[in-house]
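The values are calculated or read from the model by the stated rules, or taken from the named source; none is laboratory data. These figures come from a predicted structure and were not determined experimentally. Here the Cβ positions follow ideal geometry from the backbone for every residue, glycine too, while neighbour counts run over all protein chains shown.
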Amino acid sequence: MVAIIDYRAGNTESLLSACRELGIEAKLVNDIKTVALCDAVIIPGVGAFKAAIENLKTAGLFDILKNIDKPILGICLGMQILFERSYEGEETEGLGFIKGEVIKIPVNARLPHIGWNSLSNTGEDVYFVHSYMANIVSECIVSYVDYGGIRIPAIVKYKNVTGFQFHPEKSGKYGLKLLKEWYCNIEGYKCLKKE
C-alpha cells in the first residue's frame, strides 16, 4: 500500500483519485503506525514550507518520515520538503533526503510560476504552481523546465527518493503516466498491466 501523507498541506483528494484511476492501492494517512506499515510514501503539498513542516511535526510525522527507509515521492511542496532547508519566509529545516535548499525563483518573470511548461528530457507539458525552487547539484536532476531563463528542477531523484515539482494528478495523461511509472519502479511491486 502507498501512504499519501495527509498533513493539511495538499490537494490529497485529487491525488487519491488519480491513484484509484491507475489501480494504485493508496490511502490517506496521518498517523505514525500506518506510515510505518506502508510500502511507499507520497508527500503531496501546496502552501508554505514552514507551515507544512510544523503540521508534520504536530502530527508526529516529521521524525518518522526523516528516518524512513521506503520509496518516497514528493509532489510540489512535498518535493521541496525533501531537501535540507528552505528560505521561504525564514530558514526552515526540511527532511534532508536530498542535499540542497529551496529558494525563491530568481526571475523577473511573473510569480508564482503557474501553468503548463515543457520538461527538458521529453518535451511533454506538465502543470506547475509554485514560487520557490530547488537549488541542488545537477546529478540529482532528472528533468528541468525553463522559466524566465532559469532552469527549474522539475523531476529529481536520489536513491529511493523522487520529487515532482509539478502536479502529476493535474498534468493530464502524461502526468498520470509519470505517477504510474514511479509506482511500477518501486521495488517489490509488479508493474501494472499496460492498457
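The condition (being under 13 Å from the mean Cα position of the chain (by Cα) and on the phi < 0 side of the Ramachandran plot) is satisfied by just one residue among 139, 169: 169.
The lone criterion from (1) farther than 14 Å from residue 164 by Cβ; (2) free of Cβ contacts under 8 Å to residues at least 40 places away in the same chain left unmet by residue 92 is number (2). Taking the criterion of being farther than 19 Å from residue 160 by Cβ and among the β-branched types (Val, Ile, Thr), the residues of the stretch 1-33 that qualify are 12, 32.
Of all residues in the stretch 139-158, those satisfying the criterion of being in contact with a strand residue (DSSP E or B) (Cβ under 9 Å, 6 or more places away or on another chain) and either at pLDDT below 95 or more than 23 Å from residue 65 (Cβ to Cβ) (or both) are 139, 143, 144, 145, 146, 147, 148, 150, 151, 152. Residue count for the stretch 95-114 satisfying the condition of being without any contact (Cβ under 8 Å) to a residue 24 or more places away in the chain and either within 15 Å of residue 160 (Cα to Cα) or exposed (fewer than 14 other Cβ atoms within 10 Å of the Cβ) (or both): 3. For the stretch 1-28, filtering for residues that are touching an Asp or Glu at 6+ places or on another chain (Cβ under 7 Å) and either in a helix (DSSP H, G or I) or loosely packed, with under 14 Cβ neighbours inside 10 Å (or both) leaves 5.
Among the conditions (1) in a strand (DSSP E or B); (2) small (Gly, Ala, Ser); (3) under 20 Å from residue 22 (Cβ atoms), residue 175 misses just one, which is (1). Screening 31, 39 for residues that are touching a residue at least 60 places away in the same chain (Cβ under 8 Å), of a type in the set (Asp, Glu) and surrounded by fewer than 21 Cβ atoms within 10 Å (Cβ to Cβ) leaves exactly one candidate, 39.
If you go through the stretch 1-24 and pick out every residue that is among the charged types (D, E, K, R), free of Cβ contacts under 8 Å to residues at least 40 places away in the same chain and within 17 Å of residue 168 (Cα to Cα), you end up with 2. Looking only at residues in the stretch 129-151 that are over 17 Å from residue 81 (Cβ atoms) and of a type in the set (A, V, I, L, M, F, W, C), the one that is surrounded by the fewest Cβ atoms within 10 Å (Cβ to Cβ) is 137. Where strands (runs of 3 or more DSSP E) fall entirely within the stretch 52-160, those with at least 1 residues that are of a type in the set (S, T, N, Q) and touching a Ser or Thr at 6+ places or on another chain (Cβ under 6 Å) are at 83-86, 141-147.
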